[in-house]
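Reviewing the structure listed below.
Bear in mind these aren't lab numbers, they're just calculated from the coordinates by the rules spelled out. Small disclaimer: the values here were computed from a predicted structure and weren't measured. Methodologically, a virtual Cβ is constructed for each residue, glycine included, from the backbone with ideal geometry; neighbour enumeration extends over all protein chains shown.
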Amino acid sequence: MKIVYKVDKYYRATVLIDFGVDAAFGLNGIEYHPAGYLILASPGTGQFIRVPVDNPQRWALIDLDVPATGVDGIVWASDGSLAGVSNNRSRAVKYQSDDNWRSARLTGMASYSGQSTTGAVVGDDIYVVQPHFSDDEAPEILRAKF
């Protein structure tokens, strides 16, 4: 499914946007921007998608200077950049935009060993979670060093 749902304060879900089964991208990470739009990550295509919440049919691909291939979880960093955690490339990436996320440029990359699926911001730092899906080890949390 390539659908984004909107959930109200009573936990009622409605379809915000349905990209359709034939859409060329899959969806994974999602973040809300205070300017009123969502940023979605498409790990297979390396794209970010900008969806205005008040008019989702006006969605658009964000023009990236370097594809965000494999990005799974995304999170807003304290400096306003968007950090993405790759689930198949053993890295986290940071993008910055000067035009309200119509385009973005790669501004940082952090490498580490192992798979990670999501990130969290603590102060100025970004941490990645390594879930260890394919083994019996406990999940690990690492600070990404950009």
Original post:
Efficiency by 1/(1 + (r/R0)^6): what FRET value for Asp135 and Arg58, r their Cβ-Cβ distance, R0 = 30 Å, to the nearest 0.05?
Top reply: 0.10
**OP:** Determine, for Phe133, Phe48, the number of other Cβ atoms within 10 Å of each Cβ, and report the residues in order from fewest to most.
**Re:** Phe133, Phe48
**OP:** Measure out, as a whole number of angstrom, how far apart the alpha-carbon centroids of region 102-146 and region 1-67 sit.
**Re:** 22 Å
Subject >> Relative contact order (%) - region 3-143, alpha-carbon pairs under 8 angstrom, separation at least six >> reply: 14 percent
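What is the magnitude of the charge dipole of region 3-143 about its Cα centre, with +1 placed on the Cβ of each Lys and Arg, -1 on the Cβ of each Asp and Glu, and no other charges, expressed in debye to the nearest 20?
The calculated dipole for region 3-143 is roughly 320 debye.
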Original post:
Can you pull the Kirkwood radius for region 62-106, inverse mean 1/r over Cα pairs, to one decimal in Å?
Top reply: 10.6 Å
Original post:
How far apart, in nm, are the 7 Å Cα→Cβ label points at Ser78 and Ala24?
Top reply: 3.9 nm
Original post:
Each residue of region 75-86 in turn: what ³J(HN,Hα) in whole Hz from Karplus with 6.51, -1.76, 1.60 and θ = phi - 60°, glycine and Pro shown as x?
Top reply: 7, 6, 7, 5, 8, x, 7, 9, 9, x, 10, 8
Original post:
So how far apart, in nm, are the two label points at Asp98 and Ala120 if each is 7 Å from Cα heading toward Cβ?
Top reply: 3.5 nm
